[in-house]
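The values are calculated or read from the model by the stated rules, or taken from the named source; none is laboratory data. Keep in mind that what you see is a predicted model, and the values were worked out from it rather than measured. We place every Cβ from the backbone using ideal geometry, glycine too, and count neighbours over all the protein chains shown.
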Amino acid sequence: MEKFVTHVGTALPLRRSNVDTDQIIPAVYLKRVTRSGFEDGLFAAWRKDPEFVLNKDEFKKATILVAGVDFGTGSSREHAVWALQNYGFKVVISSRFADIFRGNSAKGGLLTIIVPQKDVEAMWDAIEQNPALPITVNLDARNVSYGDVTVAFDIDDYTRWRLMEGLDDIGLTLKSLDFIDKFEKSRASFKPNTKTLNH
Amino acid sequence: MGKTLAEKIWQEHVVRSAQGEPDLIYIDLHLIHEVTSPQAFDGLRLAGRPVHRPDLTIATEDHNTPTQNIDQPIADPVSKLQVDTLRKNCAEFGVRLHSLGDIDQGIVHVVGPQLGLTQPGMTIVCGDSHTSTHGAFGALAFGIGTSEVEHVLATQTLPLVRPKTMAINVEGALKSGVSSKDIILAIIAKIGTGGGQGYVLEYRGSAIRALSMESRMTVCNMSIEAGARAGLIAPDEKTFEYIKGKPHAPSNWDEALAYWGTLFTDKDATFDVEISINADELEPFVTWGTNPGQGAPLNSNVPDPSAIADPEARGAAERALVYMDLKAGTPLKNIAIDTVFLGSCTNGRIEDLRVAADVLKGKKISKSLRMLVVPGSARVRLQAESEGLDKVFIDAGAEWRQAGCSMCLGMNPDQLAVGERSASTSNRNFEGRQGKGGRTHLVSPLVAAATALRGTLSSPADL
């Protein structure tokens, strides 16, 4: 995973709440068996509309998505994260994310930032006034800044450290193999096993 | 101080705990399907890692699989590749797989309980958000993404931050014609699609205890629609009875039972949040919008967005009515339906088929619509056929299909056409969920059957 410390880019204002994962990438686009190539499916239904914000030239190079409340609700498909990343997004900002989407993002190195709704709205206004506005996301300092505005955000220490170091979760867990071994020795014998039929 | 049920299960599964880090949680059962697993197996292969516990892992084919002509190769080459990839991966890594055509094939959340693999006090995960279904047995069960699927395959654990707890107390008795689907739709309408975020929900109260196991699964299934990764119900005699004799029910039954008997929320435990629902007042409930929180009693009208105070919710309602092509004030019962879908991990079990067949028996569905009946698993299909339910559906004019996720998410050929409107017993009414441009109203099996007969959204009381 790529390390994430700071990112400077332009943003895309997505003035919609409850952007569910079926909108981020519809099910018919989930059939690939790789982690790449999902950019075509990103917001596929909405992109049919030439007026949709993603189709506007001034936002074509955006790397930061600023969306309404409850972004990423619905299914657990990590393809939603891959579609955003494959398209070129590095950061998503919203006032609230669905749990599974947020977890998936952290695994794949897509930074999700929670700021109050009033700050989201101020960002939308600023971006719409000036689509070329550079926005700086500083994970080290835990803030987002543009123009003379700086908005602080919370992120737990562990996730921040993992993202900043670009660490792979599985590698970290495998350092705890002794703990896993010990736990397995104490598991109750009545717990089911998929390879053994009892009845 | 006492503990909630979720806290007890959590504590039992902590492998490692350290200040400032998530807990490392042991996973008792990992369910797999074709859509969210190929990249995870690929990751293992790249790193040269085996599946740590193939004996705690099981796979089935459900999301992509056709519900017709299943003896022939899958027609869509991309779907076929995904299913073939699962078969190849399961063979290579030693994972038990129930393929299309196998008697134990079906929707992953129907298969687990039916095999007796879903038991109280377990941690269960799957790369599918409706894994919360298994919470009906008093298990802590939740959906995960593909990176987490790979993590569980490699280590049988997950690093997780302990969720908060929310009690949902449903007291009273349901009126005739009101079902567990109406309970959960009413809960989601009350707390919203984000109301459960960060929480494990525990459904409690006399109305929940009165539900059958399969009805409890319907409630827990849609926890994610309220934003909660997991929802559970304390196990009781009904739970134990349901598991008894199933293929993977414990052979040392008494030992298991002694442990299961400890799985309840202590009297002096406190939840972070508690909410209450009065079951006496519940009516058949349907959705009118494009998220599962946008629902209302069937006897009411399409709401007027201008009457919604919150500007965010008002805007969402306005957009939803445009997409759904509905006018504020229209009685919900006047909405004409093109397709009725009975099935899914929410309502594709034998009891769901029985109650719907009971409404349809000896009658004909409206000529203005089609009805698809898709059993949740091959065994549910066989059970239904042994009871003659297939004949009831076919005689009524419905289509009787093979098991799978089908039109719930429209990954296989079972899809709505642009502008088509469904009454669906599934779990999501998102824009285009059941096919591009399709419009979904979420309903219970009873409402689905009555709607099929009348052609507009209806309950059996309207017949």
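Answer with yes or no whether residue B:11 is within 21 Å of residue B:130 (Cβ to Cβ) and either at pLDDT 95 or above or within 7 Å of another protein chain (Cβ to nearest Cβ) (or both). It would help to see each step written out before you state the result.
Values: within 21 Å of residue B:130 (Cβ to Cβ): no; either at pLDDT 95 or above or within 7 Å of another protein chain (Cβ to nearest Cβ) (or both): yes.
When the stated conditions are applied, residue B:11 does not pass them.
Whether any residue in segment B:98-110 is in contact with a helix residue (DSSP H, G or I) (Cβ under 8 Å, 6 or more places away or on another chain) and over 19 Å from residue B:67 (Cβ atoms) is what I want to check.
Scanning segment B:98-110 turns up no residue that is in contact with a helix residue (DSSP H, G or I) (Cβ under 8 Å, 6 or more places away or on another chain) and over 19 Å from residue B:67 (Cβ atoms).
If you go through segment B:247-273, how many residues are among the charged types (D, E, K, R) and out of contact with any Ser or Thr (no Cβ under 9 Å at 6 or more places or on another chain)?
Step one: filter segment B:247-273 for residues among the charged types (D, E, K, R), giving B:254-255, B:266-268, B:272.
Now restrict to residues that are out of contact with any Ser or Thr (no Cβ under 9 Å at 6 or more places or on another chain): B:254, B:267-268.
So the count comes out to 3.
With the requirement that a residue be among the hydrophobic types (A, V, I, L, M, F, W, C) and either touching a strand residue (DSSP E or B) at 6+ places or on another chain (Cβ under 9 Å) or more than 13 Å from every other protein chain (Cβ to nearest Cβ) (or both), what does segment A:3-45 give you? Please lay out each step first, then the result.
We begin by selecting, within segment A:3-45, every residue among the hydrophobic types (A, V, I, L, M, F, W, C); these are A:4-5, A:8, A:11-12, A:14, A:19, A:24-25, A:27-28, A:30, A:33, A:38, A:42-45.
Residues satisfying the conditions are A:4, A:5, A:8, A:11, A:12, A:14, A:19, A:24, A:42, A:43.
Within segment A:63-78, take every residue that is hydrophobic (A, V, I, L, M, F, W, C) and in a strand (DSSP E or B) and give me the one that is farthest from the other protein chains (Cβ to nearest Cβ).
Ranking the candidates gives A:64 first.
With segment B:243-316 as the region, which strands (runs of 3 or more DSSP E) entirely inside it contain at least 3 residues that are at pLDDT 95 or above and within 22 Å of residue B:443 (Cβ to Cβ)?
On the way: elements: B:273-278, B:285-287, B:295-297.
In segment B:243-316, B:285-287, B:295-297 are the strands (runs of 3 or more DSSP E) which contain 3 or more residues that are at pLDDT 95 or above and within 22 Å of residue B:443 (Cβ to Cβ).
Based on what the data block shows, is residue B:185 of a type in the set (A, V, I, L, M) and either within 11 Å of chain A (Cβ to nearest Cβ) or buried (at least 21 other Cβ atoms within 10 Å of the Cβ) (or both)?
Numbers: of a type in the set (A, V, I, L, M): yes; either within 11 Å of chain A (Cβ to nearest Cβ) or buried (at least 21 other Cβ atoms within 10 Å of the Cβ) (or both): yes.
Yes: the conditions hold for residue B:185.
Could you tell me which of the residues B:2, B:20, B:48 is more than 9 Å from every other protein chain (Cβ to nearest Cβ), on the phi > 0 side of the Ramachandran plot and not aliphatic (A, V, I, L, M)? Even if it seems obvious, please write down each step before you answer.
Working: B:2 fails: on the phi > 0 side of the Ramachandran plot; B:20 fails: more than 9 Å from every other protein chain (Cβ to nearest Cβ).
On inspection, the qualifying residue turns out to be B:48.
Considering (1) modelled with pLDDT of 95 or more; (2) surrounded by fewer than 24 Cβ atoms within 10 Å (Cβ to Cβ); (3) not aliphatic (A, V, I, L, M), say which one residue A:72 fails and leave the rest.
(2)
Do any residues in segment B:196-211 that are within 14 Å of chain A (Cβ to nearest Cβ) have Cβ atoms under 9 Å from those of residues that are aromatic (Phe, Trp, Tyr), where the two are at least six apart or on different chains, and which pairs are they?
Note: pairs meeting the criteria are B:197/A:97; B:199/B:271; B:200/B:10; B:200/B:142.
Within segment B:81-98, can one find any residue that is hydroxyl-bearing (Ser, Thr, Tyr) and in a loop (DSSP other than H, G, I, E, B)?
Kept after step one, since they are hydroxyl-bearing (Ser, Thr, Tyr), are these residues of segment B:81-98: B:85.
The next check asks that each one be in a loop (DSSP other than H, G, I, E, B); those that pass are none.
No, there is no match, as no residue in segment B:81-98 is hydroxyl-bearing (Ser, Thr, Tyr) and in a loop (DSSP other than H, G, I, E, B).
Would you mention how many residues in segment B:371-397 are crowded, with 24+ Cβ neighbours inside 10 Å and out of contact with any helix residue (DSSP H, G or I) (no Cβ under 6 Å at 6 or more places or on another chain)?
3
Could you list, in sequence order, the residues of segment B:2-49 that are out of contact with any Asp or Glu (no Cβ under 6 Å at 6 or more places or on another chain), surrounded by fewer than 19 Cβ atoms within 10 Å (Cβ to Cβ) and aliphatic (A, V, I, L, M)?
Of everything in segment B:2-49, those that are out of contact with any Asp or Glu (no Cβ under 6 Å at 6 or more places or on another chain), surrounded by fewer than 19 Cβ atoms within 10 Å (Cβ to Cβ) and aliphatic (A, V, I, L, M) turn out to be B:18, B:46, B:47.
Just to verify a result, which residue in segment B:67-80, among those that are part of a loop (DSSP other than H, G, I, E, B) and in contact with a Lys or Arg (Cβ under 6 Å, 6 or more places away or on another chain), is farthest from residue B:39 (Cα to Cα)?
Restricting to residues being part of a loop (DSSP other than H, G, I, E, B) and in contact with a Lys or Arg (Cβ under 6 Å, 6 or more places away or on another chain), the top hit is B:67.
Among the residues of segment A:154-174, write down those that are out of contact with any Pro (no Cβ under 8 Å at 6 or more places or on another chain) and either farther than 30 Å from residue A:7 by Cβ or facing chain B (nearest Cβ under 10 Å) (or both). It would help to see each step written out before you state the result.
Start the filter on segment A:154-174 by keeping residues that are out of contact with any Pro (no Cβ under 8 Å at 6 or more places or on another chain), which leaves A:154-157, A:159-168, A:170-171, A:174.
Passing the criteria: A:156, A:157, A:159, A:161, A:162, A:168, A:170, A:171, A:174.
Counting only residues that are more than 9 Å from chain B (Cβ to nearest Cβ) and buried (at least 24 other Cβ atoms within 10 Å of the Cβ), which one in segment A:93-104 is farthest from residue A:18 (Cα to Cα)?
A:93
Matching residues to (1) under 28 Å from residue B:107 (Cβ atoms); (2) over 27 Å from the mean Cα position of the chain (by Cα); (3) exposed (fewer than 14 other Cβ atoms within 10 Å of the Cβ); (4) within 14 Å of chain A (Cβ to nearest Cβ):
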| site | (1), (2), (3), (4) |
| --- | --- |
| B:236 | yes, no, no, no |
| B:249 | yes, no, no, yes |
| B:260 | yes, no, no, yes |
| B:268 | no, yes, yes, no |
| B:288 | yes, no, no, no |
| B:308 | no, yes, no, yes |
| B:329 | no, yes, yes, no |
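For a quick check of your reading of the model, give me the residue pairs whose first member lies in segment B:297-320 and is within 25 Å of residue A:94 (Cβ to Cβ), whose second is charged (D, E, K, R) and assigned to a helix (DSSP H, G or I), with beta-carbon atoms closer than 6 Å and at least 6 apart or on different chains.
Matching pairs, first to second residue: B:305/B:314; B:305/B:318; B:308/B:314.
Right, residue B:351: of a type outside the set (A, V, I, L, M, F, W, C), in contact (Cβ under 8 Å) with a residue 24 or more places away in the chain and exposed (fewer than 15 other Cβ atoms within 10 Å of the Cβ) or not?
Values: of a type outside the set (A, V, I, L, M, F, W, C): yes; in contact (Cβ under 8 Å) with a residue 24 or more places away in the chain: yes; exposed (fewer than 15 other Cβ atoms within 10 Å of the Cβ): no.
For residue B:351, the condition - of a type outside the set (A, V, I, L, M, F, W, C), in contact (Cβ under 8 Å) with a residue 24 or more places away in the chain and exposed (fewer than 15 other Cβ atoms within 10 Å of the Cβ) - is not met.
Filter segment B:126-148 down to residues that are of a type in the set (A, V, I, L, M, F, W, C), at the interface with chain A (Cβ under 10 Å from one of its Cβ atoms) and touching a Leu at 6+ places or on another chain (Cβ under 8 Å), then give me how many there are.
Here the count works out to 2.
Tell me which of these residue A:126 doesn't satisfy, since it passes every other one: (1) free of Cβ contacts under 8 Å to residues at least 40 places away in the same chain; (2) closer than 16 Å to residue A:149 by Cα; (3) of a type in the set (A, V, I, L, M, F, W, C); (4) within 13 Å of another protein chain (Cβ to nearest Cβ).
(4)
So that you can scan it fast, the table gives a plain yes or no per residue for (1) in contact with an Asp or Glu (Cβ under 9 Å, 6 or more places away or on another chain); (2) of a type outside the set (D, E, K, R); (3) more than 28 Å from residue B:31 (Cβ to Cβ):
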| site | (1), (2), (3) |
| --- | --- |
| A:111 | no, yes, yes |
| A:164 | yes, yes, yes |
| A:174 | no, yes, no |
| A:182 | no, no, no |
| A:194 | yes, yes, no |
| A:197 | no, yes, no |
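Considering each residue of segment B:51-73, count those that are in contact (Cβ under 8 Å) with a residue 24 or more places away in the chain, more than 9 Å from chain A (Cβ to nearest Cβ) and under 26 Å from the mean Cα position of the chain (by Cα), and give that number. I'd like the intermediate steps shown before the answer.
Taking segment B:51-73 as the starting set, the residues that turn out to be in contact (Cβ under 8 Å) with a residue 24 or more places away in the chain are B:51-54, B:56-68, B:70-71.
From the residues that got through so far, the ones that are more than 9 Å from chain A (Cβ to nearest Cβ) too are B:51, B:59-62, B:65-68, B:70-71.
Adding the requirement that they be under 26 Å from the mean Cα position of the chain (by Cα) leaves B:59-62, B:65-68, B:70.
Total satisfying the criteria: 9.
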